[in-house]
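Colleague: Quick one: the structure is below, questions incoming.
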Amino acid sequence: MKILKVILVIFLICPINFVEADINDMRHKITKNLRCLICQGQSVYDSDSEFANSLKLVVDKKLNVGLSEDEIYDYLKNKYGDWILYDPEMNKSNLLLWTLPLILFVFGSLLIFKKVSIK
Amino acid sequence: MKNKILPFSIIFFFGIIFFIFYKGLEDSNIYTPDVKIKNDIPVFIAKDFYSKENINSKSILELDKFYLLNIWSSWCVPCRKEHPLLMNLSLNSKINIIGMNYKDNFTNAENFLKELGNPYKKIFIDFDGTIAIDWGAYGVPESFLIFNNKIVKKYVGPLNIKTINEIIKEIQ
């Protein structure tokens, strides 16, 4: 009987802990990807400025409401622009930046192929 | 001929690199977010500064009127500097100045207004800074010129004579 009780207690505690950890992890993940605009070069997670502290609160609120990570990024991007994210998405203005290495790689390998096949 | 191309292209290459880096020196690496002009202003509920009652932003900001939303705080030094300019602007009947008291202590804020005058028609409190984020602001002071529930202009940092003249021109 005692063992059963212990198992029941463990069973009840475990899932709750998982949920808590999940929200905290998400919060840390999001705030680490946000750039503090007051102390530029620091993430919101690291910073203790007034702006960063408020932003942490906002992220908490949004998470509690049930918004996903991407929805929070979209909300902040709409307010402050892409620059607030450390890991910006691919878009028209940085398409070349992302694809240039690939283009150079293809170009280079074509060059090598040509040289080798001539020989 | 081939001997000449190599040094020339090297010089050319380094010239371009020098030019890019030299240009980069002048660029400011402080980023200021783009102003999303013509965006609808956010709707929010906040506490009134004096009565401590909850007020809806819709009841403060009417249509067909110019408003200047000024984010201020008693602990902010530049706010002290721009305050006389706001006092002057408050004499203009075409614009209403609304204050957002950012992360402040009530007594300090009240003393600040007693000392320097109160240019605001209405003041509401942003206790934890979340309303300011809703507006896309990130510091104090910051001012928004609003017309018909849209942001016409945004000023980051203290207002000066030049920007005040710009506002007066806009509301004429």
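The values are calculated or read from the model by the stated rules, or taken from the named source; none is laboratory data. Please read all numbers here as calculations on a predicted model, not as lab measurements. Every residue, glycine as well, gets a Cβ built from its backbone with ideal geometry; the counts of neighbours run over all protein chains shown.
Colleague: In this structure, does residue B:146 turn out to be away from chain A (no Cβ under 14 Å), of a type outside the set (Asp, Glu) and surrounded by 20 or more Cβ atoms within 10 Å (Cβ to Cβ)?
Modeller: Criteria met by residue B:146.
Colleague: Only residues that are within 15 Å of residue B:44 (Cα to Cα) and either among the aliphatic types (A, V, I, L, M) or at pLDDT 90 or above (or both): list them for the stretch B:131-145, please.
Modeller: B:131, B:132, B:133, B:137, listed by residue number.
Colleague: Would you be able to say whether some residue in the stretch A:69-90 is within 20 Å of residue B:30 (Cα to Cα), assigned to a strand (DSSP E or B) and among the aliphatic types (A, V, I, L, M)?
Modeller: yes
Colleague: With the checklist (1) touching a residue at least 12 places away in the same chain (Cβ under 8 Å); (2) within 14 Å of another protein chain (Cβ to nearest Cβ) in hand, flag the one item residue A:47 doesn't pass.
Modeller: Residue A:47 satisfies every listed condition except (1).
Colleague: Among all residue pairs at least 6 apart or on different chains, which show Cβ distances below 6 Å where the first residue, located in the stretch B:155-172, is over 18 Å from residue B:135 (Cβ atoms) and the second is exposed (fewer than 14 other Cβ atoms within 10 Å of the Cβ) and not polar (S, T, N, Q)?
Modeller: B:171/B:94
Colleague: List pairs: first residue in the stretch A:64-81 and more than 13 Å from chain B (Cβ to nearest Cβ), second residue surrounded by 12 or more Cβ atoms within 10 Å (Cβ to Cβ) anywhere in the structure, Cβ distance under 7 angstrom, at least six positions apart or on different chains.
Modeller: A:69/A:26; A:69/A:30; A:73/A:85
Colleague: What are the pairs, 6+ residues apart or on separate chains, where a residue within the stretch B:101-124 that is on the phi < 0 side of the Ramachandran plot has its Cβ under 7 Å from a residue that is acidic (Asp, Glu) and assigned to a strand (DSSP E or B)?
Modeller: Pairs that qualify, where the first residue is on the phi < 0 side of the Ramachandran plot and the partner is acidic (Asp, Glu) and assigned to a strand (DSSP E or B), are B:101/B:126; B:102/B:126; B:124/B:48.
Colleague: Oh, and also: Considering only residues that are aliphatic (A, V, I, L, M), surrounded by fewer than 16 Cβ atoms within 10 Å (Cβ to Cβ) and assigned to a loop (DSSP other than H, G, I, E, B), which ones fall in the stretch B:37-87?
Modeller: Hits for the stretch B:37-87 are B:37, B:43, B:63.
Colleague: To continue, here is another question. Return the total of residues in the stretch A:26-41 being in a loop (DSSP other than H, G, I, E, B) and more than 13 Å from chain B (Cβ to nearest Cβ).
Modeller: Selection size over the stretch A:26-41: 1.
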